[in-house]
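What follows is a single structure, written as structure tokens, with notes after it.
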Amino acid sequence: MRALWGLAGIAAALICGVVAAAGIEEGDKRSGFDFMTRETQALQADDTSNPGMLWVLQGEQLWRQPEGRANVACAGCHGDAAQSMRGVAARHPAFDEATGRPIDLAGRVNSCRASRQQAEPLAPESDELLALTSYVAHQSRGMPVTPAADPRLAPFRDNGRRLFQSRIGQLDLSCATCHDANWGKRLGGGVIPQAHPNGYPLYRLEWQTVGSLQRRLRNCMIGVRAEPFAFGAPESIDLELYLMERSRGLPVETPAVRP
Amino acid sequence: MTGDAILQPLTGGTGDPERGAVLMSDRHRSLCTLCHAGPFPDPHLHGNLAPGLAGVGARLSEGQIRLRVVDMRRLMPDTIMPSYYRVVDEEDRRIAAGWRGKPILSGADIEDIVAYLATLKG
């Protein structure tokens with residue numbers, strides 16, 4: 001059956017001028033977790049061994065800490081995160097009225113800092129931003145990814161799909177080349193996963209730290225010798241929106257562990 | 001280009017198979033073994049996105065190998081194998097600054113690889 005889809009994809013590619021975008025059949029959808037060794041899976045599954053839990057714990061403290069000229073904590077507005085933040089990560093990126101664009105969780109944290117706490121934004125990939133984002137996303141752990149149904153998101157998601165299918169970089173490969181058409185095969189020593197965003201922020205053994213989805217996207221872009229999107233670039237959010245749609249139904253794993 | 005081959009070497013001289021062997025398994029410069037397995041060092045780091053290259057020198061002539069490394073797209077427009085000696089049309093491709101306007105490998109590099117792969121007779 002996958003072979004058939006492959007053929008359909010090649011036909012589509014000839015028509016659209018993009019690389020074979022066979023997509024992933026519904027029954028074949030797998031989290032990056034499924035492609036890992038048992039040892040790495042065990043590291044993620046046990047909270048006492050999962051290094052990402054350190055960021056979640058730090059995030060819990062930051063959640064309660066008053067900040068900025070308004071001297072108010074996240075908890076001051078949102079109360080108990082276990083209730084108020086449950087399901088939030090499963091439906092982000094969401095439409096942001098203020099900017100008229102989709103916004104991801106990290107962007108939301110910084111927008112609350114600016115507008116409610118009157119505090120400086122946290123830097124991309126800073127421990128504080130990763131900790132707060134991990135803590136919020138962790139409240140959705142186990143819930144299925146359920147993208148927001150807001151029709152205003154559609155054009156941004158379409159742009160994300162277009163980016164996913166466009167060949168880039170000196171190596172002239174698209175995300176779809178690897179993650180739609182060749183997932184499960186080995187690139188060098190590692191298996192190519194399906195590129196699902198359901199575990200972020202996550203602890204990557206290669207990084208020896210927690211990182212965001214945007215950091216991962218930048219890594220893949222640098223791998224094909226393309227100019228990566230800047231942190232917070234609108235294109236990154238559009239891509240994330242499409243990746244979330246593609247991973248609909250997979251459980252949120254934050255904080256996941258990856259090789 | 002003659003049929004499915006480039007008969008003329010890309011440079012004046014002939015390639016050096018020993019340098020070609022080293023370059024072939026250079027995971028950062030040629031990237032070949034990220035996709036191809038073959039009789040190269042570190043087999044556990046070889047990918048399987050592409051056919052194995054053991055015996056390629058018996059299956060293909062030097063000219064055929066040369067064309068496949070230079071620009072596989074000439075034979076298979078949808079291939080995932082990068083075109084090593086074609087400067088990618090840059091529009092919309094976001095090519096990183098350090099790589100812009102350059103082929104992935106030089107003509108001399110490709111001649112070394114062709115000379116090496118031609119020795120893989122089976």
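Regarding region B:72-83, can at least one residue be identified that is surrounded by 18 or more Cβ atoms within 10 Å (Cβ to Cβ) and farther than 19 Å from B:Leu49 by Cβ?
Within region B:72-83, not a single residue is surrounded by 18 or more Cβ atoms within 10 Å (Cβ to Cβ) and farther than 19 Å from B:Leu49 by Cβ.
Yes or no: region B:31-49 includes at least one residue that is open to solvent by 40 Å² or more (accessible area, probe 1.4 Å), at pLDDT 95 or above and acidic (Asp, Glu).
Within region B:31-49 (the criterion being open to solvent by 40 Å² or more (accessible area, probe 1.4 Å), at pLDDT 95 or above and acidic (Asp, Glu)), the answer is yes, since at least one residue qualifies.
List, please: which pairs have Cβ atoms under 9 Å, are six or more places apart or on different chains, and start with a residue in region A:225-246 that is within 11 Å of chain B (Cβ to nearest Cβ) and end with one that is surrounded by fewer than 24 Cβ atoms within 10 Å (Cβ to Cβ) and of a type in the set (Phe, Trp, Tyr)?
Every condition considered, the pairs that remain are A:Arg225/B:Trp99; A:Ala226/B:Trp99; A:Glu235/A:Phe229.
Taking interchain pairs and intrachain pairs at least six residues apart, which have beta carbon atoms under 7 angstrom, with the first residue in region B:43-64 and within 18 Å of B:Ile110 (Cα to Cα) and β-branched (Val, Ile, Thr) and the second at pLDDT 95 or above and open to solvent by less than 40 Å² (accessible area, probe 1.4 Å)?
B:Val56/B:Ile65; B:Val56/B:Leu117; B:Val56/B:Leu120
Which residues, taken from region A:48-59, are part of a loop (DSSP other than H, G, I, E, B), surrounded by 11 or more Cβ atoms within 10 Å (Cβ to Cβ) and more than 18 Å from the chain's Cα centre (by Cα)?
Across region A:48-59, the qualifying residues are A:Ser49, A:Asn50, A:Pro51.
Identify all residues within region A:95-122 that are touching a residue at least 40 places away in the same chain (Cβ under 8 Å) and either of a type in the set (Val, Ile, Thr) or open to solvent by less than 20 Å² (accessible area, probe 1.4 Å) (or both); write none if there are none.
Hits for region A:95-122 are A:Pro102, A:Ile103, A:Asp104, A:Gln117, A:Ala119.
For region B:50-71, which residues satisfy the criterion of being open to solvent by 50 Å² or more (accessible area, probe 1.4 Å) and closer than 23 Å to A:Asp172 by Cβ?
Selection gives B:Pro51 alone.
Take the residues of region A:123-178 that are closer than 21 Å to A:Gly100 by Cα and among the acidic types (Asp, Glu): which is least open to solvent (accessible area, probe 1.4 Å)?
A:Asp150
The values are calculated or read from the model by the stated rules, or taken from the named source; none is laboratory data. Please read all numbers here as calculations on a predicted model, not as lab measurements. We place every Cβ from the backbone using ideal geometry, glycine too, and count neighbours over all the protein chains shown. Ligands, DNA and RNA are excluded from the accessible area calculation, which covers all protein heavy atoms including side chains. Shrake-Rupley method; radii C 1.70, N 1.55, O 1.52, S 1.80 Å.
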